[in-house]
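Presented below is the structure to which this report refers.
Where a number appears in this text, it was derived from the coordinates with a stated rule and is not lab data. Since the model is a prediction, treat every value here as computed from it, not as a measurement. Please note: Cβ atoms are built from the backbone with ideal geometry, for glycine as well, and neighbour counts cover all protein chains shown.
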Amino acid sequence: MKRPLLKVENLSKHFGSPRAPIRAVEDVSFEIARGETLGLVGESGCGKTSLVRTLLRLTDATSGNVLLDGADLSRARGRQLHELRRKMQVVFQDPYQSLNPRMRVDRLISEPWALQPGTLPRARWAQETVNLLEAVGLGAEHAHRYPSEFSGGQRQRLGIARALALTELLVCDEPVSALDVSVQAQVINLLGRLRRERDLAMLFVAHDLAIVRHVSDRVMVMYLGKIIETGPKQAIFGAPAHPYTQALLSAVPSPDPLLRGTRKRIVLQGELPSPANPPSGCRFRTRCWKATSLCAEQEPALTARTSTRGLLTACHHAEPDRLSTAAA
């Protein structure tokens, strides 16, 4: 296995006062290697965006470490932080808000080089801008236009081109949720091609499980700030062992018409508990049909609990749900 480009160790992010903290992210650990895509899924309010912001040092972690290419990003300051940020970029959810409307495309794409002196000689900016535009399916003729002259899908391509100017780690935060379905597939396929060609490490955050299944090598499932299941996508989509993952997947339509209607839809009861006052023990127990007194008394560790290779599950009553391989 390749040495990880990104290594996250016991990362936590709390908001509010120390006496009554909102535990948005709690004790999260994972790795991403070059050329690999790790998918992150979970319902709204589970902590996905807080995790992304903490990884990128847009907000400081409460505890834990983030190692980027061996350097401790979570404790970097000044010039070291500036240099580490060369290696990571983000593609945002809304292509209509993430690009400066007053900047031409050539300035938008070359701005990372201007902000990071020494990364690319100025004489090469124009040609490299054209190269990046062509890499995302746009031509050199677009370099002197403004964002308002592009469609939503084209704007997202511009955002990807800008992110590719320096990056080794690409963080995609719901990158296609604001786009039409007809455009989503184009952007997803583009990201997959660029990852392979440039050997990028990618964290792909989304709530659409079908998209995550298509783009990811491995998947993490997040609930109330915790990773409750993780593993290869074949394991997550083919034999999930955590009740929450099983419930999420039960809502995904099967691509096989012969299998539609053969799986029972699992409807969770109640709302997502508050991260300011999470349940004792297992955080999912208040909505889980398998919960027992043990679940309230002891928080389950994320560990191998089934024979499914590579699958780690945080559940005292983990039991694989063998799904059709068509789902994987």
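Quick notes on this structure:
- For ARG145, the residues whose amide H sits under 5 Å from its own are VAL105, ASP106, ignoring neighbours fewer than 5 places away on the same chain, with H placed 1.01 Å from N.
- Contact order, relative form, for the stretch 4-216: 27 percent (alpha carbon pairs under 8 Å, 6 or more residues apart, mean separation divided by residue count).
- With neighbour counts taken as other beta-carbon atoms within 10 Å, the residues CYS172, CYS295 rank, fewest first, as CYS295, CYS172.
- Remark: the SER151-GLU297 segment gains 47.3 nm on full extension, using 0.36 nm per residue and subtracting the alpha carbon distance.
- Relative intensity of the chain on a log10 scale, I(q)/I(0) at q = 0.10, 0.13 Å⁻¹, equals -0.62, -1.01, per a Debye sum over C-alpha point scatterers of equal strength in the absence of solvent.
- Taking every alpha-carbon pair in the stretch 180-289 and binning the separations at 5 Å intervals from zero gives 2, 10, 18, 20, 18, 16, 9, 6, 2, 0 percent.
- Intensity falloff of the stretch 26-65 expressed as log10 I(q)/I(0), Debye formula with alpha-carbon point scatterers, at q = 0.34 Å⁻¹: -1.26
- Highest mean packing first, where packing is the average number of other Cβ atoms within 10 Å per residue, the peptides 126-135, 238-247 line up as 238-247, 126-135.
- Inter-site label distance for ARG75 and VAL267 at 7 Å from Cα along Cβ, in nm: 5.1
- Backbone N under 20 Å from the ASP199 label point (7 Å along Cα→Cβ), restricted to the stretch 163-178: 164-171
- Between the helical axis of 125-135 and the longest alpha-carbon principal axis of the chain there is an angle of about 40 degrees.
- Note that the stretch 294-303 has calculated 3J(HN,Hα) couplings of 4, 5, 7, 8, 9, 6, x, 7, 7, 8 Hz, one per residue in order, obtained from phi through the Karplus relation 6.51 cos²θ - 1.76 cosθ + 1.60 (θ = phi - 60°); glycine and proline are x.
- Partner lysines for LYS264 [C-alpha distance under 17 Å; skip if fewer than 8 residues away on the same chain]: LYS290
- Near the amide H of SER63, within less than 5 Å, lie the amide hydrogens of SER12, all on another chain or at least 5 residues away, with H placed in the peptide plane.
- Between LEU200 and GLY35, the built amide H atoms are under 5 Å apart, and every one of these is 5 or more places off in sequence or on another chain.
- A Cβ-based charge dipole, computed about the Cα centre of the stretch 1-139 with Lys and Arg at +1 and Asp and Glu at -1, lands at about 440 debye.
- Helix axis angle, 152-163 relative to the chain longest principal axis, alpha carbon, degrees: 80
- Bridgeable lysines around LYS48 (alpha carbons under 24 Å apart, same-chain partners fewer than 8 residues away excluded): LYS7, LYS13, LYS87, LYS226, LYS233.
- 0 to 90° range, to nearest 10: angle between helix 181-198 axis and the chain longest Cα axis: 80
- Calculated FRET efficiency, SER250 to ALA123, Cβ-Cβ distance, R0 = 56 Å: about 0.50 to the nearest 0.05.
- Helical mean residue ellipticity (222 nm; -39500 (n - 2.57) per DSSP H run of 4+; nearest 500) of the chain: -8000 deg cm²/dmol
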